[in-house]
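The structure appears right after this line, and notes come after that.
The values are calculated or read from the model by the stated rules, or taken from the named source; none is laboratory data. Bear in mind the structure is a predicted one, so any value in this text is a computation, not a measurement. Neighbour counts are summed over all protein chains in view; Cβ atoms, including those assigned to glycine, are modelled from backbone coordinates with ideal geometry. In case anyone asks, the SASA skips ligands and DNA or RNA and just uses the protein heavy atoms, side chains included. Shrake-Rupley method; radii C 1.70, N 1.55, O 1.52, S 1.80 Å.
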Amino acid sequence: MADGKYVWGTGSPLPPIDPHSKVKHQILRDYIETYIKVLMSNPNIPKLHLSLVDGFSGGGLYRDDVITDYKGSPYILLESPGIAEAYLNQGRLKERRINTNTFLVDIEPDNISHLKGALSIDGYAERFDKDIHFYSEDFCSALPKIIQRIKSIKNGERSLFLLDQYAYKDV
């Protein structure tokens, strides 16, 4: 359990984003986009199925001195495949698709509640329980269910797991 620095709750201010986390997020964005571009480097591959798992998602948004609602890792996992897909489809007549399933896990129910609320405001609610899945429990408890769901997705067993938690000493 984290020491209380990263708490999302009704009426409480967004937690601050640390400079090292902003760098980590940029690396994550770049990695996912590059990973997809490499997997789709053969222009004859029409689509890619990819599962993205955030084992310690938090509430999704942070406070920043520059960006009012700084988007965290859940947003990166949701947005980066679309950016890669747009890149891959530049100048193409027949579009290629990136189909993702995103699994967001956090042990704190308030964090998942905040994340769902933020994603709803940003237009993601219609995807809940379709290709965006939430688990309000510890990662080890959620993992068997996530693996089972990933295995049930046709051609969807290619997966990336983000397991970057705060307060490593508590894992």
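Some values worked out for this structure:
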{"quantity": "Gain on full stretching of the segment that runs from LYS47 to ILE83 - 0.36 nm per residue minus C-alpha separation", "calculated": "11.5 nm"}
{"quantity": "Sparse-neighbourhood loop sites, trypsin sites (Lys or Arg not before Pro) in segment 78-111 - DSSP loop, at most 12 other Cβ within 10 angstrom", "calculated": "ARG92, LYS94"}
{"quantity": "Fraction of antiparallel bridges per DSSP, segment 14-156 only, in percent to nearest 5", "calculated": "10"}
{"quantity": "Contour excess over end-to-end distance, with Cα ends at GLN148 and GLN90 and 0.36 nm allotted per residue", "calculated": "17.4 nm"}
{"quantity": "Low-density loop cleavage sites - GluC sites (Glu not before Pro) in segment 1-105, where at most 15 other Cβ are within 10 Å (DSSP)", "calculated": "GLU95"}
{"quantity": "Subset of LYS24/LYS145; LYS24/LYS151; LYS47/LYS94 violating a 19 Å alpha-carbon distance limit", "calculated": "LYS24/LYS145; LYS24/LYS151"}
{"quantity": "Given charges at beta-carbon only (K, R positive; D, E negative), |dipole| of the chain in Debye", "calculated": "900"}
{"quantity": "Surface accessible to a 1.4 Å probe, per residue, for the residues of the chain, Å²", "calculated": "57"}
{"quantity": "Note, ³J(HN,Hα) from phi for segment 91-101, Karplus 6.51, -1.76, 1.60, rounded to Hz, x at Gly and Pro", "calculated": "x, 9, 7, 9, 6, 9, 10, 10, 9, 10, 10"}
{"quantity": "Using θ = phi - 60° and Karplus 6.51 cos²θ - 1.76 cosθ + 1.60, couplings along segment 70-75 (whole Hz; Gly, Pro as x)", "calculated": "6, 7, x, 4, x, 5"}
{"quantity": "Efficiency of FRET from Cβ geometry, ASP131 and ASP69, R₀ 25 Å, rounded to 0.05", "calculated": "0.60"}
{"quantity": "Nearest-20 debye value, segment 1-90 charge dipole, Cβ charges on Lys, Arg, Asp, Glu", "calculated": "140"}
{"quantity": "Relative contact order of the chain, pairs being alpha-carbon contacts under 8 Å that are 6 or more residues apart, as %", "calculated": "31"}
{"quantity": "Answer label, with Cα Rg over 2.2 N^0.38 Å calculated from the coordinates and candidates [x] 1.05; [y] 1.32; [z] 1.00", "calculated": "[x]"}
{"quantity": "Table column - 3J(HN,Hα) (Hz), segment 141-152, Karplus curve with 6.51, -1.76, 1.60, x for Gly and Pro", "calculated": "6, 6, 3, x, 5, 5, 4, 4, 5, 4, 5, 7"}
{"quantity": "Efficiency of FRET from Cβ geometry, ARG158 and HIS20, R₀ 25 Å, rounded to 0.05", "calculated": "0.30"}
{"quantity": "Choice from ASN44, ASN101, ASN89 with maximal GNM fluctuation in the chain (Cα, 10 Å cutoff)", "calculated": "ASN44"}
{"quantity": "Under 19 Å from the Cα of LYS37 - aspartates and glutamates, other chains or at least 8 residues apart", "calculated": "GLU79, GLU85, GLU95, GLU157"}
{"quantity": "Most fluctuating residue given options HIS133, HIS114, HIS20, as computed from a GNM of the chain linking Cα atoms under 10 Å", "calculated": "HIS20"}
{"quantity": "Apportionment of accessible area to carbon and sulfur, the chain, percent (1.4 Å)", "calculated": "54"}
{"quantity": "Length-normalised contact order of segment 74-171 in % [C-alpha pairs under 8 Å, at least 6 apart]", "calculated": "25"}
{"quantity": "Of ILE132, ILE83, ILE67, the one that fluctuates the most in a GNM where the chain has Cα springs shorter than 10 Å", "calculated": "ILE67"}
